[in-house]
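Some notes on the structure that comes next.
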Amino acid sequence: MTTVELTRFKVPADRAAELLQARAAMLADFRADREGFLDAQLIRVDDETWLDVVWWRSSEDFAASREKGANLPGIKAFFAPIAELISAEEGVTDDYRA
């Protein structure tokens, strides 16, 4: 089973480019610093709402990542334009495809 992180958040429309520009560095930081990080997909729901789907090897890896927070510059830059956290959920799947 693979753990899935589902995080929905709001970014002001005028800061969307900042969020997207920071994405590559955030993913690089995750790959370098987050044990069990498998992949991520960012989905724009509407002008201000986003859904980040992140796959982890285990629930423990996801929990360890949450503990680290925005500990690296690329992660911090990605979080900066986020104005509101709407929801954060964790689930599991048998059907993760790398």
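The values are calculated or read from the model by the stated rules, or taken from the named source; none is laboratory data. Keep in mind that what you see is a predicted model, and the values were worked out from it rather than measured. Every residue, glycine as well, gets a Cβ built from its backbone with ideal geometry; the counts of neighbours run over all protein chains shown. Remember, those area values only see protein heavy atoms, side chains included, never the ligands or the DNA or RNA. Shrake-Rupley method; radii C 1.70, N 1.55, O 1.52, S 1.80 Å.
Shown here are the Rg and Dmax of the Cα trace of the chain, at 13.0, 38 Å.
Placing pseudo-labels 7 Å out from each Cα toward the beta carbon at Lys68 and Ala28 gives an inter-label distance of 1.5 nm.
Distance between the pseudo-spin-label points of Asp46 and Ile86 (7 Å out from Cα toward the beta carbon): 0.8 nm. Normalised by the number of residues in the range 2-91, the mean separation of alpha-carbon contacts (under 8 Å, six or more apart) gives a relative contact order of 52 percent. Against the chain, whose longest principal axis comes from its Cα atoms, helix 16-33 is set at around 30 degrees. Protein heavy-atom accessible surface, 1.4 Å probe, per residue over the chain: 59 Å². Go ahead and collect, in residue order, the members of the range 35-76 whose backbone nitrogen is under 12 Å from a label point 7 Å along the Cα-Cβ direction of Met1. Backbone N within reach: 58-60.
Surface composition of the chain: carbon and sulfur make up 51 percent of the accessible area, probe 1.4 Å.
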